[in-house]
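Asker: The structure under discussion is supplied below as structure tokens; questions concerning it will follow.
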Amino acid sequence: MTPWTETTVVGKPLPRVDAYERVSGSAVYAGDVSFPDMLHQAILRCPHAHALVKSVDTHAARTMPGVRAVLADADPEANMLLPYPSWIRNGPPMRLFDPHCRYAGEEVAAVAAETPEQAREALRAIVVQYQELPFVLDATEALKPGATAVHERGNVVRPPEVIQRGDVAKGLQEADAVVEGTYETSCEIHATMETLSSVARWDGDRLTVWESSQGVFDHQEYLAAALGLPLSSVRVICRYMGGGFGSKAELSKHTLIAVLLARKTARPVRSVLTREESFLCAGNRPPHTMTLKAGATKDGVLRAIDLEGVGVVGAYADDATGGFLATQLYACANVRVRETEVFVNAGKARAMRAPGFPQCAWALEQTIDALAEKIGIDPVELRLRNLPTSFQWTPPVPYSSMGLGQCLIEGARAFGWKEARERPRSSGPVLRGVGVAACMWPNPGGPPATAILRLFADGSLNLTTGVSDIGTGAKTVLAMVAGEELGIPLDRIQIEWADTATTPYAQVSGGSRTVINNAPAVRAAAVEIRRQLLEIAAEELKRPPGELVLKDGRVAPVDEPQRALPIPQLKGLQQRKVILAVGSRHPNPPKLGLPFGVHFAEVEVNTRTGEVAVTRFLAVHDSGRVMNRVTYENQVFGGVTMGIGFALTERRVLDRQTGRVLNANLHDYAIPTVLDVPADMTCLPIDPHDTECNTTGTKGLGEPAMVPTAAAVANAVYHATGIRVTRAPITPMQMLGLLAARGRRG
Ligand code: MOS
């Protein structure tokens, strides 16, 4: 398929196809799905960080008003394991109601009642006897010899992950300058606007689940496996979603519990997690400690990167590595990354927007900043001297495009980097500075992805895709791809999506892959529709299909535009009433097309209050083709906003006395509001016109958009104050302490 050169629909700043539903409140989210005989679910959670459940007495609860069923570990149907997502190997079993509770918030029992209030009230009537156990809350404690073991196997999740090339010791010796530092990040919560929700309903032995899900086909597989049902008996539907960020990529216990309670009561059951519950049991970004050593020659050539990391998975297994970024962002012959993952008595981690990467950028990109200073080279320039020329693997994989250099050069120009670096840093008690940080993201997408298009007899179109639109605008972009090929405006395209019964398989919407997986499938289907249409028209126009063009909803011979036939006038179409095409994603080429990006931040540090304000921000991304300028900016600004939260405010706080989450709400856990992000926030797309990566030339954006943000802010804080803040977030309390220690308090 020939690459697009000029496009007429793709790239346009078109509003989302579902914008009206989303802003008017008419969109039906999973938690809005309602049935007249529907029951409501509530879950009893262990209040202790670590405890054995000695007994659960549900007798009184079963007779409470409105209660229709109670489920606890003693019930045979609850004897079930929650499946791990496919990317987690060898995790300890996650029993539905484990009598060994490993964190404050773990599920102990559940109730289905006529109203949400009755369900919650019944929880209070369940009598549980706990035997409290000592607990560990952080990696340092958990790794001490003799520490309380979260699991029988101990607190180390698996043997350390090591990625290595060259000889780091030798590289460090060859370096003229070496810097070393230990960087820490905090546990972050996804804080999706819509909390996790499901409605489960059985018709005989067939199950339908309306789910706030990033991937309905994955959830279908998990549920079918857990219940021992064929895939054809499990239907999962995701209509609208209010964000996922990774927290809705895997099946959650509350969904499986709702399914079991629905079967037990023969009634539909709705389960909507409260905001507090979503802080306890819906995953988090694992906190990391990374010690980094890096060396470069005096002319700024990186000779070695050595990273030793510890990530905290929480009470059950997850992926808490993050060092991969350090192996790929810059060309470097000698690299070693070694990471240990640790269990503690706290809620389990889950993939969260670029899992591991913002943590690694926090460490790596501050290290590069420190190295630049030590050898006296501008941080933009140092990065330019170490651009990767291939994906550094054995053997190396060439890039189909690699825009990091262009991001740095054009970004520095657009931001006014040189001038800003030289501007005076202080005006009274306020210190100003600018910082830069870079990123890449290692996922090129790929098959399987399938899309179905149906051209109706009047020339309008149906697009059927299995994709969950998690809030990024995926539906809009996919419809634009069909519109581009067929010349059909978006308001004449009906979209059907994310229903395992009616739409074709799609992978989880995650990994910044939704568009790069599925847009080529849609394009292939559209090309096939056009082929069939031209074949039909060829008979009527008495010209071979190769001499016909489809433009603006009409088919005409290339050299006789006056003979154009509008699509609905094609007799062949009127006879069939539909043209159907299925498109599949092609395999990836031997080269890799990956996204890169660079963020520039300007900050003000108030030396009297310790407050850090981000006053100006520029995000420059090579994500290949911009598919829609509106959804592009939404992704970038959303990513930067999330990154500013990571840098300045967001941190799950565990109480050292009890092990409970102290800030399980959006008041005490502060995500940035419009007042916390700069009014002067801009983005600059860099499109290297990648004609090889896939048939749409786009490379993925959602995750890279937040990877370097916090590091850019920290580097700006360093530029302003001369203080390297190694612990995220940079709270006023921390900043004030650091300023005071340096005698720089205003
Ligand atoms: Mo994402 S963290 O791949 O949903």
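The values are calculated or read from the model by the stated rules, or taken from the named source; none is laboratory data. Model, not experiment: these values are computed from the prediction. We place every Cβ from the backbone using ideal geometry, glycine too, and count neighbours over all the protein chains shown. Note: areas computed on protein heavy atoms with side chains; ligands, DNA, RNA excluded. Shrake-Rupley method; radii C 1.70, N 1.55, O 1.52, S 1.80 Å.
Asker: Using only the alpha-carbon atoms of region 333-409 as identical scatterers, what base-10 log of I(q)/I(0) does the Debye formula give at q = 0.15, 0.25, 0.26 Å⁻¹?
Answerer: Treating every Cα as an identical point scatterer, log10 I(q)/I(0) equals -0.79, -1.35, -1.36.
Asker: Which cysteines does the chain leave without a neighbouring Cys Cβ under 4.7 Å?
Answerer: Cys with no partner Cβ under 4.7 Å: Cys187, Cys238, Cys281, Cys332, Cys360, Cys407, Cys439, Cys683, Cys693.
Asker: So, one more: Please give me the summed charge of the neighbours of Ala113: other residues whose Cβ is under 15 Å from its Cβ, Lys and Arg +1, Asp and Glu -1.
Answerer: +3
Asker: Give me the percent relative contact order of the chain, please, defined on Cα pairs under 8 angstrom at least 6 residues apart.
Answerer: Dividing the mean separation by the residue count of the chain yields 16 percent.
Asker: Non-local amide H neighbours of Arg727 (under 5 Å, H modeled in plane, Pro and chain starts lacking H): which ones?
Answerer: Sorted by chain and number, the residues that satisfy this are Glu184.
Asker: Among Pro395, Gly171, Met352, whose Cα projects farthest towards the positive end of the dipole of the chain, with charges put on the beta-carbon of Lys, Arg (+1) and Asp, Glu (-1)?
Answerer: Gly171
Asker: Once you list every other residue whose beta carbon is under 11 Å from the beta carbon of Arg523, what net charge do they have if Lys and Arg are +1 and Asp and Glu are -1?
Answerer: Around Arg523, the charge tally is -1.
Asker: Among the aspartates and glutamates, which have Cα under 13 Å from the Cα of Lys374 when same-chain residues fewer than 8 positions away are ignored?
Answerer: Excluding near neighbours in sequence, the set is Asp176, Glu180, Asp299.
Asker: Can you work out the Karplus-derived ³J(HN,Hα) for every residue in region 139-148? Use 6.51 cos²θ - 1.76 cosθ + 1.60 with θ = phi - 60°, whole Hz, and x for glycine or proline.
Answerer: Couplings: 4, 4, 4, 5, 8, 5, x, x, 5, 3 Hz.
Asker: In the chain, what % of DSSP beta bridges are antiparallel (nearest 5)?
Answerer: That works out to approximately 75 percent antiparallel.
Asker: Sticking with this one: Give me the lysines in straight-line cross-link reach of Lys348: C-alpha distance below 27 Å, same-chain residues under 8 apart excluded.
Answerer: Excluding near neighbours in sequence, the set is Lys54, Lys144, Lys248, Lys253.
Asker: Which value, in debye to the nearest 20, describes the size of the charge dipole of the chain about its Cα centre when Lys and Arg Cβ atoms bear +1, Asp and Glu Cβ atoms bear -1, and nothing else is charged?
Answerer: Around 180 debye, computed over the chain.
Asker: Picking from Asn663, Thr327, Ala498, whose Cα lies most toward the positive end of the charge dipole for the chain (charges on Cβ: Lys, Arg +1; Asp, Glu -1)?
Answerer: Farthest towards the positive end: Thr327.
Asker: Explain nothing, just the number: dipole magnitude of region 42-184 about its Cα centre with +1 on each Lys and Arg Cβ and -1 on each Asp and Glu Cβ, in debye rounded to the nearest 20.
Answerer: Around 380 debye, computed over region 42-184.
Asker: Quick one: Kirkwood hydrodynamic radius for the chain, alpha-carbon pairs, angstrom, one decimal?
Answerer: Mean inverse Cα-Cα distance, inverted, gives 27.4 Å.
Asker: Can you give me the accessible area per residue for region 553-657, using a 1.4 Å probe, in Å²?
Answerer: I get 40 Å² per residue for region 553-657.
Asker: Per the 1.4 Å probe, what fraction of the accessible area of region 604-664, in percent, lies on carbon and sulfur atoms?
Answerer: Within region 604-664, the accessible surface is 45 percent carbon and sulfur.
Asker: For region 560-621 and region 326-363, what is the centre-to-centre distance using only Cα atoms, to the nearest Å?
Answerer: 28 Å
Asker: Take the Cα gyration tensor of region 566-635, multiply each eigenvalue by 5, square-root it, and list the three semi-axes largest first, rounded to whole angstrom.
Answerer: 51, 19, 9
Asker: Quick one: which of 21-29, 681-689 comes out on top by average Cβ neighbours within 10 Å, and what's the full order, highest first?
Answerer: 681-689, 21-29
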